[in-house]
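**Q** This is the structure I have questions about; it appears just below.
The values are calculated or read from the model by the stated rules, or taken from the named source; none is laboratory data. The shown structure was predicted, so the numbers you read here are calculated from the model rather than taken from an experiment. Virtual Cβ from ideal backbone geometry, glycine too; neighbours counted across all protein chains shown. Protein only, heavy atoms only, side chains kept; ligands, DNA and RNA dropped before computing areas. Shrake-Rupley method; radii C 1.70, N 1.55, O 1.52, S 1.80 Å.
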Amino acid sequence: MLLTNAIKKHASNLVQAQNDYKLNVIRTNTFMTSVLTSQIPSLNYKPKDFQEYLTAFQKANGTALDWSNKVMAKLLTVPDEIVSYNDIIISLLNDAQTQTEALKVHPDNSIAIKILTNDLDTLSTQLSMVRSFISGSVTSIEGVKNNLPDMAKQLENISNRAINDEKADKKQIDDLNKAVDKLKSDIDSCTASIVGFSIATGAAVTFGIISTIAAWPIGAVTWFFIAPVVAVSVYYIVIDSIQIETDKKLIENIQKEITGVTADVATLSLLSKNFTNMANEASKVQSNLQAVLNEWIVLENDINRAINEIKDAINEKNQKKFNEILTDLKEATAAWKDAYTQAGALHLDLGVNNCELKLGMSSDEVKKALEGGKVIDIISYYNEIQKVNSKELQPV
């Protein structure tokens, strides 16, 4: 059971690595969408550090967009032969079984031997193509300097300095940040099954834009957004749970207590933390993809060794050997299908729906809103929204 052992030996590690990578990509885009959509609102009492923050914020968003275009766009552009690698591999394994069945009856069937050998060689080639694509993606990431953590640190330093310079109420700001974090965490819980389904099946992922924080005073322009996964296939997020309603009320109550310059500094702090979350997640992309590459390399090497041993057995033209090969091919096919069911495709289809979503919506209300909106591929959305935002050099 040479081929079967090679697949089973590495299946669980490969599944884990690919799923971690895809979850990382989805989470990175959740934060990226939020960062590029959110804006600095009009402030009532601009702290003396405001102009420095505004300049850094605009530069940081430009850096985020640049990183998305140079790194994320490449990761999401997967060649057709890589997208369909599973279908190709299953087809090769099935045909190899057919040829082996023929060789059980006629071990000297030269045509069947030639086709079987070609199937095995093509299987090796297909694995090599996938590995080469992943390797090339890792290399492309290495060639792009990730300045996001540095930009996040700059924003964080300026907002912290503003808190001290303006003697803002740090406790109120911390309470607001914690309340927003709690809301994000509870929304993440609502998306867990949706994200899991998309990772396992390769179904298209739709992000939504949810307004969360109104400008000061309450009821003015919305400026801070979160962008969770809201739909995949027939599944839609539910954002009307008791816990989310509780989170929303807590944020509103904290906002009511924050006044004056503390309110202005709080906006800088929230935006800085949001950017930091995005930068931290984006920084994991390369290592997660490298982990996928490592698993593909060992899988490919072991499968190639198994293929060479199967070829040696084929050359013996022995009926007993062909029985063993057939058993191995059948079990290997089942093992591969099982692994792929858990790991899914390497391709991720990500889009943003431009409809207006609000906390408190049921899944039916979300569905109706999404049907009235337009889905834009995520990289196009980033460029479109940043183009709109860049037209206004001053805050909203």
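**Q** Rounded to the nearest 500 deg cm²/dmol, what is the calculated helix-only ellipticity per residue at 222 nm for the chain, with -39500 (n - 2.57) per DSSP H run of length n ≥ 4?
**A** Per the formula, -24500 deg cm²/dmol.
**Q** Right, something else. Tabulate in residue order the Karplus-calculated ³J(HN,Hα) for segment 126-137, using 6.51 cos²θ - 1.76 cosθ + 1.60 with θ = phi - 60°, rounded to whole Hz; enter x for Gly and Pro.
**A** 5, 4, 5, 5, 5, 4, 5, 4, 5, 4, x, 5
**Q** What does the highest-first list of 134-142, 36-44 look like by mean Cβ count within 10 Å?
**A** 36-44, 134-142
**Q** What FRET efficiency do you get for N315 and S84 if R0 is 56 Å and r is their Cβ-Cβ distance, rounded to the nearest 0.05?
**A** 0.95
**Q** So which of K337/K374; K184/K256; K8/K104; K284/K387; K167/K256 end up more than 29 Å apart, counting from Cα to Cα?
**A** Violating the 29 Å limit, Cα to Cα: K337/K374.
**Q** Could you list the trypsin sites (Lys or Arg not before Pro) in segment 295-392 that lie in coil according to DSSP, counting only those with at most 14 other Cβ atoms within 10 Å of their Cβ?
**A** In loop regions of segment 295-392 (DSSP not H, G, I, E or B), the sparsely surrounded trypsin sites (Lys or Arg not before Pro) are K374, K391.
**Q** DSSP loop (so not H, G, I, E, B), at most 16 other Cβ within 10 Å: list which trypsin sites (Lys or Arg not before Pro) in segment 1-102 pass both filters.
**A** Sites meeting the loop and neighbour criteria: K48.
**Q** Exactly which GluC sites (Glu not before Pro) in segment 303-396 are in a DSSP loop and have at most 13 other Cβ atoms within 10 Å?
**A** Loop-located and lightly packed - E316, E392.
**Q** By how many degrees, 0 to 90 and rounded to 10, does the Cα axis of helix 285-315 deviate from the longest principal axis of the chain?
**A** 10
**Q** At a 1.4 Å probe radius, carbon and sulfur cover how many percent of the accessible area of the chain?
**A** Percent of accessible area from carbon and sulfur atoms in the chain: 50.
**Q** Can you give the accessible area of L2, probe radius 1.4 Å, in Å² rounded to 10?
**A** So the heavy atoms of L2 present about 70 Å² to solvent.
**Q** Set the Förster radius R0 to 56 Å, insert the Cβ-Cβ distance between E384 and E101 as r into 1/(1 + (r/R0)^6), and round the FRET efficiency to 0.05.
**A** Calculated transfer efficiency: 0.55.
**Q** Tell me which residues come under 5 Å, amide H to amide H, from I40 once H is placed; ignore anything under 5 positions away on its chain.
**A** For I40, the qualifying residues are V396.
**Q** Using a 1.4 angstrom probe on the protein heavy atoms only, could you order H10, H347, H106 from most to least accessible area?
**A** Highest to lowest solvent-accessible surface, that is H106, H347, H10.
**Q** Still on this structure, I have one more. Where only protein heavy atoms count, and the probe is 1.4 Å, what is the accessible area per residue for segment 88-150 in Å²?
**A** I get 47 Å² per residue for this part.
**Q** Now for a different question. Determine ³J(HN,Hα), in whole Hz, for all residues of segment 262-274 in sequence, where each value follows from phi through the Karplus function 6.51 cos²θ - 1.76 cosθ + 1.60 and θ = phi - 60°; x replaces Gly and Pro.
**A** 4, 5, 5, 5, 4, 5, 5, 5, 4, 5, 5, 5, 4
**Q** Considering only C-alpha atoms, what is the centroid distance from segment 218-269 to segment 12-27, in Å?
**A** Comparing the Cα centres of segment 218-269 and segment 12-27, I get a distance of 29 Å.
**Q** Turning to a different aspect of this structure: Provide the gained length on full extension for the span E257 to K374, in nm with one decimal, where the gain is 0.36 nm per separating residue minus the Cα-Cα distance.
**A** Here the answer is 38.4 nm.
**Q** Quick one: divide the alpha-carbon radius of gyration of segment 213-317 by 2.2 N^0.38 Å and tell me what you get.
**A** Rounded to two decimals, the normalised Rg is 2.02.
**Q** Per residue, how big is the convex hull around the C-alpha atoms of segment 1-127? Give it to me in cubic angstrom, could you?
**A** 125
**Q** With a 1.4 Å probe and every protein chain left in place, work out the accessible area per residue of segment 204-321 in Å², rounded to a whole number.
**A** Computed with neighbouring chains in place, this is 41 Å² per residue.
**Q** Using a 1.4 Å probe on the protein heavy atoms only, what accessible surface does S189 show? Give it in Å² to the nearest 10.
**A** Near enough 80 Å² of accessible area.
**Q** So who's got an amide H within less than 5 Å of the one on V205, skipping anything under 5 residues away but keeping other chains? H placed 1.01 Å off N, in plane.
**A** Those qualifying (amide H under 5 Å, at least 5 residues apart or on another chain) are D349, L350, G351.
**Q** If you don't mind, there's one more thing I want to ask. Using a probe radius of 1.4 Å on heavy atoms only, what accessible surface per residue do you get for segment 334-374? Whole Å² is fine.
**A** In whole numbers, segment 334-374 has 49 Å² accessible per residue.
**Q** Provide the per-residue ³J(HN,Hα) series for segment 205-213, in order, calculated from phi with Karplus coefficients 6.51, -1.76, 1.60 and θ = phi - 60°, each as a whole number of Hz, with x at glycine and proline positions.
**A** Once rounded to whole Hz, the list reads 9, 10, 8, x, 9, 10, 6, 10, 10.
**Q** Report the FRET efficiency, 1/(1 + (r/R0)^6), for I111 and T341, where r is their Cβ-Cβ distance and R0 is 51 Å, rounded to 0.05.
**A** The computed FRET efficiency comes out at 0.90.
**Q** Additional query: Over all distinct alpha-carbon pairs, what is the Kirkwood Rh of the chain in angstrom?
**A** Over the chain, the inverse of the mean reciprocal pair distance is 23.5 Å.
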